[in-house]
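Input: one structure, supplied below.
Throughout, read-outs are computed from the coordinates displayed, never taken from laboratory work. These numbers were taken from a predicted model, which means no experiment stands behind them. Backbone-built Cβ (ideal geometry, glycine too); neighbour counts: all protein chains shown.
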Amino acid sequence: MKKLFAVIGDPIRHSMSPIMHNDLFSSYQIDATYLPFQVKKEDLRDAVKGLKAIGAKGFNVTVPHKTAIIPFLDEVDDLAASIGAVNTVVNENGRLKGYNTDGPGFLKGLQIYIPSAAGKKIVIIGAGGAARAIYFTLAKESPFMIDIANRTIEKAKALIDDCPFPVSSAAYSLEDAEKNLGNYDLVIQTTLIGMAPEVEEQPLDLSHLKKQSHVCDIIYNPLETKFLRSAVSSGANVQNGIDMFVYQGALAFEKWTGIFPDVERMRENVLKQLGGSRC
Ligand code: ATR
């Protein structure tokens, strides 16, 4: 019987996960299909119960359900539990187990350019869900420090207080971070500022950036945000959000099938959908 996989979120119309995973299933000759389902917040419990009842083998979870889904799962792995967010669910013999592949997906993408985050001076811009997954994942990689810069400094402080892994961190306003950018080897932009259609916005000015620093923006639409364009002008190396997106999907696919898929194929497929080329 054809295996069912899914992604649930609201909105879900623009998700590229179905195209990416369906292409992988056919290329590995796995008899499975991956469908998007729009699920409203108030229907989340029923949707999870329904997916379990019909024997879905696994599914992804996206905005706004990544945290709210946790009480409806049978089990949550340690990293996802500490992050407090699940983006991948595996049906393990009738038990639904939640994982977070967003942070590890970011790390794998980063490692294309920076093999190890050990000893690196890092600043994360933003203190929302994506920042949290990336922060907790990188905290385990022995960086020199990971500072958090956010519009609301209290949220940056709360994020630092929540981190279960030992790491040197300080919270900054965006204005203070802007002045101190020269301190960092790695700058990671995790807010939605600059995402289409608001492409002329950026969270902070990058003129104080250290030359040869590595600057990541987790946005991939557009492929080159205003933030990344400014980083290039300041002499930095840049990376857009495609790698994180593709690797979080690859890690989910591996959990469902035991196969770590062809990431280049996934990247090409996603770029084709976005109608662009690699940044
Ligand atoms: P996600 O889960 O995708 O990370 P989120 O939890 O809504 O999204 O977090 C959004 C992040 O973008 C937060 O860091 C938010 O800053 P606040 O904590 O101050 O709200 C940041 N953000 C959103 N709009 C912003 C804006 N106009 N200027 C600066 N930061 C903004």
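To the nearest 10 degrees, how steeply does helix 17-27 sit against the main Cα axis of the chain, on a 0 to 90 scale?
Taking the Cα atoms of the chain, the angle to 17-27 is about 60 degrees.
Between exposed chymotrypsin sites (Phe, Trp or Tyr not before Pro) in the chain, where DSSP calls loop and at most 16 other Cβ atoms lie within 10 Å, what's the longest gap? Mind dumping the intermediate values first?
Values: sites that count: Y28, Y113, F144.
Of all site-free stretches, the longest is 145-279.
A follow-up question, please. In the stretch 206-278, which trypsin sites (Lys or Arg not before Pro) fall in coil by DSSP and have 12 or fewer other Cβ atoms within 10 Å? Spell out each step's value before the answer.
Working: sites: K210, K211, K226, R229, K255, R265, R267, K272, R278; in loops: K210, K211, R278.
Passing sites in the stretch 206-278 are K211, R278.
To make sure I understand, if each residue's beta carbon is the centre and we count other beta carbons within 10 Å, what order do H214, H14 fall in, fewest to most?
On the way: H214 20, H14 9.
Ascending number of Cβ neighbours within 10 Å: H14, H214.
Would you mind checking K120/K140; K49/K97; K121/K157; K66/K179; K41/K97 for any pair whose Cα atoms are more than 24 angstrom apart? Numbers along the way, then the final one.
Numbers: K120/K140 12 Å; K49/K97 13 Å; K121/K157 18 Å; K66/K179 34 Å; K41/K97 20 Å.
Beyond 24 Å between Cα atoms: K66/K179.
Give me, ordered by chain and number, the residues 5 or more places off Y34 or on other chains with an amide H under 5 Å from its own placed amide H.
F5
When the chain is treated as a GNM, springs tying every alpha-carbon pair under 10 Å, which of I242, I83, I70 comes out with the largest mean-square fluctuation?
Result for the chain, Cα springs under 10 Å: I70 fluctuates most.
Let me ask another. What's the Kirkwood radius of the stretch 2-85 in Å, using all Cα pairs?
Working: mean 1/r = 0.0742 Å⁻¹.
Mean inverse Cα-Cα distance, inverted, gives 13.5 Å.
Among V263, V61, V123, which comes first, then next, by fewest other beta-carbon atoms within 10 Å? Kindly include the intermediate steps, with their values, before the conclusion.
Numbers: V263 17, V61 27, V123 23.
Exposure proxy ranking, most exposed first: V263, V123, V61.
Now a separate question. Give the value in nm², to one decimal: projected area of the alpha carbon convex hull of the stretch 197-254, averaged over all directions.
Working: hull surface 17.7 nm².
Its average projected convex-hull area is 4.4 nm².
Let me ask something else. Which net charge results when you count Lys and Arg as +1 and Asp and Glu as -1 among the other residues whose beta-carbon is under 12 Å from that of K255? Display every interim value, and only then the final one.
Working: positive: K57, K97; negative: D77, E92, E254.
Local charge sum for K255: -1.
List the extent of the Cα atoms of the chain along each of their three principal axes, largest first, rounded to whole Å.
58, 39, 33
Loop-only GluC sites (Glu not before Pro) in the stretch 181-279, please: DSSP not H, G, I, E or B, and at most 13 other Cβ atoms within 10 Å. Working shown, then result.
Values: sites: E198, E200, E201, E224, E254, E264, E268; in loops: E198, E200, E201, E224.
The qualifying sites are E198, E200, E201.
Taking the alpha-carbon centroid of each part, what is the distance from the stretch 8-28 to the stretch 137-171 in angstrom?
32
What are the ³J(HN,Hα) values, in whole Hz, obtained from phi via the Karplus relation 6.51 cos²θ - 1.76 cosθ + 1.60 with θ = phi - 60°, for each residue of the stretch 160-166 in sequence order, with x given for Gly and Pro?
3J(HN,Hα) across the stretch 160-166, in whole Hz: 4, 4, 6, 5, x, 10, x.
Expressed as a whole number of Å, what is the distance separating the alpha-carbon centroids of the stretch 36-75 and the stretch 231-251?
28
Next question, about the same structure. Can you check how the C-alpha radius of gyration of the stretch 174-279 compares to 2.2 N^0.38 Å, as a plain ratio? It would help to have the intermediate numbers written out before the result.
Values: Rg = 15.2 Å, N = 106, 2.2 N^0.38 = 12.9 Å.
Dividing the Cα radius of gyration by 2.2 N^0.38 Å gives 1.17.
Another question, if that's okay. Mean 1/r over all different Cα pairs, inverted: what Kirkwood radius does the stretch 104-240 give, in Å? Can you show the working numbers first?
Numbers: mean 1/r = 0.0687 Å⁻¹.
So the Kirkwood estimate lands at 14.6 Å.
Sticking with this one: Cα axis of helix 129-139 to longest principal axis of the chain: angle in degrees, 0 to 90, nearest 10?
70
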